[in-house]
Amino acid sequence: MRTFDLAPLYRSTVGFDQLANMMDRVLSNDVAQPSYPPYNIEKTADDAYRISLAVAGFSADDLNIEVKQNALVVTAKKGDEASDKTYLHRGIATRAFERRFHLADHVRVTGASHEDGMLHINLEREIPEALKPRRIEISSGSSKAVEQDVVDAKAVN
């Protein structure tokens, strides 16, 4: 696998440290990626997403969803089971887990549901008004606007 030197990114940008750190994490081979529980990430609309985790064997009370510092953290811990059961084969994993998803700026969790062994978490990107594109009207009488500014300046003095 190729290794990438991100030093030029650090030298020529300001404020993109998180992006560079995220690229370092994604590109590093050292970190073993957890595969339990399996999940899907789907785009349901232009600014809406859904994360679906397969959580067979867990009830809604066993699951916990938190958002902290642009990270969605899903944890599960199975309650105490009756120890009088004898399994011949145990293929359904109900071990505790923690799954983290890094969220982009302005992405918030809008809801979650648990049905048929699946945990669905709905997300939506809400762009603040200040960051939305806005149209600037072009006036044809620019000399009038300049005269108005001069008049206002004389009134202040």
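The values are calculated or read from the model by the stated rules, or taken from the named source; none is laboratory data. For clarity, every value in this text was computed on a predicted model and none was experimentally measured. For neighbour counting, all protein chains shown are included, and Cβ atoms are generated from backbone atoms with ideal geometry for every residue, glycine included. Side chains are part of the model used for accessible areas, which takes the heavy atoms of the whole protein and leaves out ligands, DNA and RNA. Shrake-Rupley method; radii C 1.70, N 1.55, O 1.52, S 1.80 Å.
Listed residues 112, 104; which is farther than 16 Å from residue 37 by Cα, assigned to a loop (DSSP other than H, G, I, E, B) and touching a strand residue (DSSP E or B) at 6+ places or on another chain (Cβ under 9 Å)?
Only one candidate passes the filter, namely 104.
Let me spell it out: the conditions are (1) modelled with pLDDT of 90 or more; (2) open to solvent by less than 70 Å² (accessible area, probe 1.4 Å); (3) in contact with a Lys or Arg (Cβ under 6 Å, 6 or more places away or on another chain); (4) hydroxyl-bearing (Ser, Thr, Tyr), and residue 94 meets all of them except one. Which number is the exception?
Every listed condition holds for residue 94 apart from (1).
Can you name the residue in the range 125-144 that is among the small types (Gly, Ala, Ser) and in a loop (DSSP other than H, G, I, E, B) and, of all such residues, is farthest from the chain's Cα centre (by Cα)?
141
Among the residues of the range 97-124, what is the count of those that are within 12 Å of the chain's Cα centre (by Cα) and open to solvent by 80 Å² or more (accessible area, probe 1.4 Å)?
Number satisfying all stated conditions: 5.
List pairs: first residue in the range 19-43 and polar (S, T, N, Q), second residue surrounded by 11 or more Cβ atoms within 10 Å (Cβ to Cβ) and at pLDDT 70 or above anywhere in the structure, Cβ distance under 7 angstrom, at least six positions apart or on different chains.
Here the result reads 40/52, each pair linking the range 19-43 to a residue that is surrounded by 11 or more Cβ atoms within 10 Å (Cβ to Cβ) and at pLDDT 70 or above.
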